[in-house]
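> Structure in structure tokens, see below.
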Amino acid sequence: MDDQQIVTLHGERALIDRAGHLFAGARHEFLVAAADPGTWSNGVRTAFAAGLRPATEPGGVALRKLYTPQALPDARAERRLTRMAAGGAHIRICSAPLAQETIVLDRRIAILASAPGCGTRTYTVIRTPDVVAGLRSLIHAAWESSPDLDDHLRRRPAELDAEARRILRMLGGGHTDESAARLLGMSLRTYRRRVAELMAALGATSRFQAGLRARELEERF
């Protein structure tokens, strides 16, 4: 595999057997973009961690992990990510969905994972410099525009009142401002003001993002 620029591996066992040494060989940067830490099995996560030391230690690697809000479904998950951050990982939360889960090692190697839950998962190991640079650039752009874990937790509302939840449901349901205001029994001006306040509280930069966040929160109510 060392001489091949692009290799597709079928299943986590093949990934560990044929590419596990690449994870342990990272020396400068280990960049992960994934929906949540549970995306990868215990075996793969062990392979990731083998021999890796955070940048806070001599000879350590910059561990950068970009997750979506799906990584924080409850207090237990929050504590888990907090422990990871305390251990030296830099964690940021991206509000937009990630197109494909990716690992980039030392800006030299990229690993693209197919969507989980669709049969045997495939992993494409890429060494082509221009392709790796392009993938890292896309992830880095999302990284730069995403808050770190502490900021995300501070911005996230601890609890939404009943009116806020109803407004979020209107956003998630795709209602126009006029129909939503009418259904909620409030003026159009008041509805739009409350939407703006909720978008700011949720860290959403568009109605689309607010609608996505609404569906995530709806699962909790």
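The values are calculated or read from the model by the stated rules, or taken from the named source; none is laboratory data. Everything numeric in this text was worked out from a predicted model, so none of it was measured. Note that we place each Cβ from the backbone using ideal geometry, even for glycine, and neighbour counts take in every protein chain shown. Ligands, DNA and RNA are stripped out before the accessible areas are found, and what is left, the full protein with its side chains, is counted by its heavy atoms. Shrake-Rupley method; radii C 1.70, N 1.55, O 1.52, S 1.80 Å.
> Tell me, which strands (runs of 3 or more DSSP E) lie completely within the range 70-169 with 3 or more residues that are among the β-branched types (Val, Ile, Thr)?
Those strands (runs of 3 or more DSSP E) span 101-105, 122-126.
> Could you check the range 199-215 and list, in sequence order, the residues that are assigned to a helix (DSSP H, G or I) and either at pLDDT 90 or above or in contact with a helix residue (DSSP H, G or I) (Cβ under 6 Å, 6 or more places away or on another chain) (or both)?
199, 202, 210, 211, 213, 214, 215
> May I pose another question? Looking only at the range 137-196, filter to residues that are in contact with an Asp or Glu (Cβ under 7 Å, 6 or more places away or on another chain) and among the basic types (Lys, Arg); which one of those is modelled with the lowest pLDDT?
By that ranking, first place goes to 169.
> Now a separate question. Residue under question is residue 130, and the condition is that it be open to solvent by 70 Å² or more (accessible area, probe 1.4 Å), out of contact with any helix residue (DSSP H, G or I) (no Cβ under 7 Å at 6 or more places or on another chain) and at pLDDT below 90; does it hold?
no
> Within the range 85-98, which residues are surrounded by 19 or more Cβ atoms within 10 Å (Cβ to Cβ), touching a residue at least 40 places away in the same chain (Cβ under 8 Å) and either closer than 11 Å to residue 148 by Cα or not hydroxyl-bearing (Ser, Thr, Tyr) (or both)?
Correct list: 91, 92, 93, 94.
> Now a separate question. Please go through (1) farther than 17 Å from residue 209 by Cβ; (2) free of Cβ contacts under 8 Å to residues at least 60 places away in the same chain; (3) buried (at least 16 other Cβ atoms within 10 Å of the Cβ) for residue 102 and return the number of the only condition it doesn't satisfy.
All conditions pass for residue 102, except number (2).
> How many residues are under 30 Å from residue 35 (Cα atoms) and either in contact with a helix residue (DSSP H, G or I) (Cβ under 6 Å, 6 or more places away or on another chain) or part of a helix (DSSP H, G or I) (or both) when one looks only at the range 170-195?
Number of matching residues: 5.
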